[in-house]
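What follows is one structure encoded as structure tokens, with my remarks underneath.
Any read-out appearing in this document is the output of simple, stated calculations on the displayed coordinates, not a laboratory observation. Treat the numbers as computed from the prediction; the structure is a model and nothing was measured. A quick note on method: Cβ atoms are made from the backbone with ideal geometry, for glycine too, and the neighbour counts reach across all protein chains shown.
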Ligand code: OAD
């Protein structure tokens, strides 16, 4: 197995995807049984879907809230929380996941570039996103903001700009080790992060199969995150 050595001078950028939560029972998007095998993205995760059928959109995110609230972090999440504790500000965790399993494992600082499942926001005014675990299923009313706008999930839908990009690109500029975990490398801009840093940072991938962008990585560690991360980052 190749080695993943982090020196005391390294700054580590970790990008996680749905694969890190797979062993916690949260389905990925593109694997067999994945969410995008059963739902059409444009019907549940786009501004057009929200305008056309907000009840259907809330059905989808209510189902995902229920699944995520039953899930617990796995050893992969815990290994990353320990790595953050060891490296402090030389560690940056960016996730495409909208669940809260990194936080439940003890990660202190997580940049959720695709939003957060347990937050909502108004679709009209600038009221900031707020914590929300409510379930809004088919026949219920769409909750309204005091301004009259509709309350929507705080999720980056297709066609929208991901969150925290300024901070993320600043961290990519200074990292010396880049590690992607459990992401198929098929959604931009995250799919290009490895290429963005290659040449100046060592790039690694962890997951059961090589991702679509595998040629951007120096080394791939093939296996499940929950099994490999505690070995790669023992505490
Ligand atoms: P995908 O479903 O595209 O890819 C999941 C990856 O996880 C695959 O490469 C699997 O091989 C890997 N995987 C499966 N089990 C694993 C395990 N136990 N340990 C490690 N890896 C494992 O999910 P993402 O790449 O995260 O965006 O998808 C990116 C974005 O596409 C999502 O954030 C979502 C989706 O559309 C939005 O909804 C905006």
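Just want to confirm a number: the relative contact order over the chain, from Cα pairs under 8 angstrom separated by 6+ residues, in percent. Write out the running numbers ahead of the final one.
Numbers: 435 pairs, mean separation 58.4, N = 235.
With pairs under 8 Å counted, the relative contact order is 25 percent.
Using alpha-carbon positions, what is the distance between the centroids of the range 3-63 and the range 136-194, in Å?
10 Å
Give me the extension gain from residue 176 to residue 88: residue separation times 0.36 nm, minus the current Cα-Cα distance, reported in nm with one decimal. Show your work: numbers first, answer last.
Details: separation 88, 0.36 × 88 = 31.68 nm, distance 1.50 nm.
Once the chain is fully extended between residue 176 and residue 88, it gains 30.2 nm.
Given N residues in the range 94-172, what is its alpha carbon radius of gyration divided by 2.2 N^0.38 Å?
1.21
Given R₀ = 30 Å, FRET efficiency for residue 38-residue 10 by Cβ-Cβ distance, to 0.05?
It comes out at approximately 0.15.
Roughly what % antiparallel, to the nearest 5, for the DSSP beta bridges in the chain?
On the way: 8 of 31 bridges.
Given both bridge residues lie in the chain, the antiparallel proportion sits at roughly 25 percent.
With everything on Cα atoms, drop me the angle between helix 165-174 and the longest principal axis of the chain, reported from 0 to 90° to the nearest 10.
The two axes meet at around 0 degrees.
Between the helical axis of 54-69 and the dominant principal axis of the chain, each derived from Cα atoms, what acute angle in degrees is found, rounded to the nearest 10?
Relative to the chain, helix 54-69 is tipped by roughly 40 degrees.
Give me the mean projected area, in nm² to one decimal, of the convex hull enclosing the Cα positions of the chain.
Details: hull surface 50.1 nm².
If I average the Cα hull's projected area over directions, I get 12.5 nm².
Mind pulling the angle between the C-alpha long axis of helix 75-87 and the longest principal axis of the chain? Nearest 10 degrees, somewhere in 0 to 90.
60 degrees
Say a paramagnetic label sat at a point 7 Å from the Cα of residue 165, along Cα to Cβ; which residues of the range 37-57 have their backbone N under 17 Å from it?
What the label zone holds, given the 17 Å backbone N cut-off, is 47.
Which length gain, in nm to one decimal place, applies between residue 198 and residue 142 when the Cα-Cα distance is subtracted from 0.36 nm times their residue separation? All intermediate terms of the calculation are to be shown ahead of the outcome.
Values: separation 56, 0.36 × 56 = 20.16 nm, distance 4.53 nm.
Working it through step by step, the gained length comes to 15.6 nm.
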